[in-house]
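First the structure, in the form of structure tokens, and then the observations on it.
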Amino acid sequence: MERQFEEGVTLDRFLMDTLADHPEATGTFVNLCQSIALAGKMISSRVNRAGLAGMLGATGEVNIQGEFVQKLDEYANETFKRSLEHRGHTCMVVSEEEESPVLVGERWHSGRYVVTVDPLDGSSNIDCNATIGTIFGVFRRRSSEGSPAELTDVLRTGRDLVAAGYVIYGSGTVLVLGSASGVNGFTLDPTVGEFFLSHPRIRIPEGKIYSCNEAYSPRWAEGVNRFVQRAKERGFRARYIGSLVADFHRTLVKGGVFLYPADDRSPKGKLRLLYEGFPLAFLAEKAGGAATDGRGAILDRLPEELHERTPLFIGDESLVNEVTDLNRS
Ligand code: P6P
């Protein structure tokens, strides 16, 4: 029977009570979630002061994605890695900002979790103060504890995820965590530095919203354009922030569907499978929604390389199925 929580419960209390429901648990996963929450608080503080702390703008470097690294990207990446590397729960981190997997020091090879992360998604929006966020996924390692983690610990289907979530830095900072306990949102009270349960047991509602960058519609498959046209005829509203975490969070809370289709310029799509598609698809399905790559379920995909791209159709299950069928037709 699913434990009921009243709003205002701290993240730590939520995690400890949930731990009590799993006698086999050792507390390592709770420790991992607390490390992620700490990184989220630190990044939130820096994001909120970026304009004052000389943290806006680019570093002048270009990352593995061929994108200009923003100062906050670098800070978020280092902060997230540091929060995970020395706690004994994590054996490897795969980051959008790192070409190769980051292996923790030999002392921590006992770590049983692998974490994938987009440290600061939407960072191109930082300078105009748009909402951005950190996206993460958690796998249990397959390789034996005590030895260095291996690529097979992370090049696996999204169905192997044991948890996923994001921290969204907007008008407030909200940590959304999906695990065996469902999808729950925690809002940071910066005056006390604690996350408090604010969105218990999130389920994607029905919503007449479609979210996509229509500037690219001339390059989309005909079926996608037909779906968008039908949405307009059905009185849907259009909402597009251009920051994946913000567009997904709105979809999770208000319903509707987010589309980032493949096109002739990006035939494999723009978004990343391992640390964007997988975590958000995990959350969407846990919240009663769906996520596909325009052909099949995102979580069924088996990535062949770390920074593999994917199209993404995610949100209300009936809308995702409708646009996926049209895209395939
Ligand atoms: P476009 C931000 O740069 C990002 O990676 C995602 O956060 C967002 O969903 C997408 O790209 C926006 O892409 O082509 O619409 O600017």
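Taking the Cβ of ASP118 as the center, what net charge do the other residues with Cβ under 10 Å away carry, scoring Lys and Arg +1 and Asp and Glu -1? Intermediate results must be reported in sequence, preceding the final value.
Numbers: positive: ARG272; negative: ASP73, GLU96, GLU97, ASP121, GLU276.
Combined, the nearby Lys, Arg, Asp and Glu give -4.
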How much accessible area per residue does the chain have, in Å², with a 1.4 Å probe? 42 Å²
Quick one: length gained pulling SER318 to ASN48 fully straight, 0.36 nm per residue minus the C-alpha distance? 93.5 nm
Can you compute the FRET efficiency between ARG201 and ALA20 using 1/(1 + (r/R0)^6), with r the Cβ-Cβ distance and R0 = 25 Å? Round to the nearest 0.05. 0.90
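What does the charge add up to near TYR166, with Lys and Arg as +1, Asp and Glu as -1, over the other residues with Cβ less than 11 Å from its Cβ? All intermediate terms of the calculation are to be shown ahead of the outcome.
On the way: positive: none; negative: ASP118, ASP121, GLU276.
Computed value for this residue: -3.
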Report the label-to-label distance for GLU233 and HIS307 in nanometres (one decimal), using points 7 Å from each Cα along the Cα→Cβ vector. 4.2 nm
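State which entries of LYS41/LYS270; LYS208/LYS232; LYS41/LYS254; LYS81/LYS270; LYS208/LYS254 exceed 19 angstrom in Cα-Cα distance in the structure shown. Present the calculation step by step, with values, prior to reporting the outcome.
Numbers: LYS41/LYS270 28 Å; LYS208/LYS232 10 Å; LYS41/LYS254 25 Å; LYS81/LYS270 24 Å; LYS208/LYS254 9 Å.
Table pairs above 19 Å Cα-Cα are LYS41/LYS270; LYS41/LYS254; LYS81/LYS270.
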Where does the chain land on Rg/Rh, using Cα atoms and the Kirkwood Rh? 0.95
Using only C-alpha atoms and all pairs of different ones, pull out the Kirkwood radius for the stretch 174-217 in Å with one decimal. 12.9 Å
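Please express the shape of the stretch 262-312 as an equivalent ellipsoid: the semi-axes are the square roots of 5 times the eigenvalues of the C-alpha gyration tensor, given largest first in whole angstrom. Don't skip to the end; give the middle numbers.
Values: eigenvalues 66, 29, 15 Å².
For the stretch 262-312, the ellipsoid semi-axes come out as 18, 12, 9 Å.
Given R₀ = 51 Å, what would the calculated FRET efficiency be for ARG226 paired with THR152, taking r from the Cβ atoms and rounding to 0.05?
Working: r = 40 Å, r/R0 = 0.79.
Once rounded, the FRET efficiency stands at 0.80.
Roughly speaking, to the nearest percent, how much of the chain's 1.4 Å accessible area is carbon and sulfur? Before the final figure, lay out the partial values.
Values: 6720 of 13850 Å².
Carbon-and-sulfur percentage of accessible area, whole number: 49.
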All alpha-carbon distances of the stretch 209-328, grouped into 10 Å bins from 0, give the whole-percent distribution 15, 52, 31, 2, 0
Rounding to the nearest 10 and keeping the result within 0 to 90°, find how far the Cα-based axis of helix 244-254 lies from the longest principal axis of the chain. 80 degrees
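Applying 1/(1 + (r/R0)^6) with R0 = 30 Å to the Cβ-Cβ distance of GLU214 and CYS128, what FRET efficiency is obtained, to the nearest 0.05?
Numbers: r = 20 Å, r/R0 = 0.66.
Efficiency, rounded to the nearest 0.05: 0.95.
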Identify the residues of the stretch 97-120 with backbone N under 17 Å of a label point that sits 7 angstrom from the Cα of GLU145 along the Cα-to-Cβ direction, or state none. 104-115
To the nearest 10 square angstrom, what accessible area does GLU317 show with a 1.4 Å probe? 100 Å²
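The values are calculated or read from the model by the stated rules, or taken from the named source; none is laboratory data. Predicted, not measured: the structure shown is a model, and the values here were computed from it. Cβ coordinates were reconstructed from backbone atoms using ideal geometry, including for glycine residues, and neighbour counts include every protein chain displayed. For accessibility, only protein heavy atoms count, side chains too; no ligands or nucleic acids. Shrake-Rupley method; radii C 1.70, N 1.55, O 1.52, S 1.80 Å.
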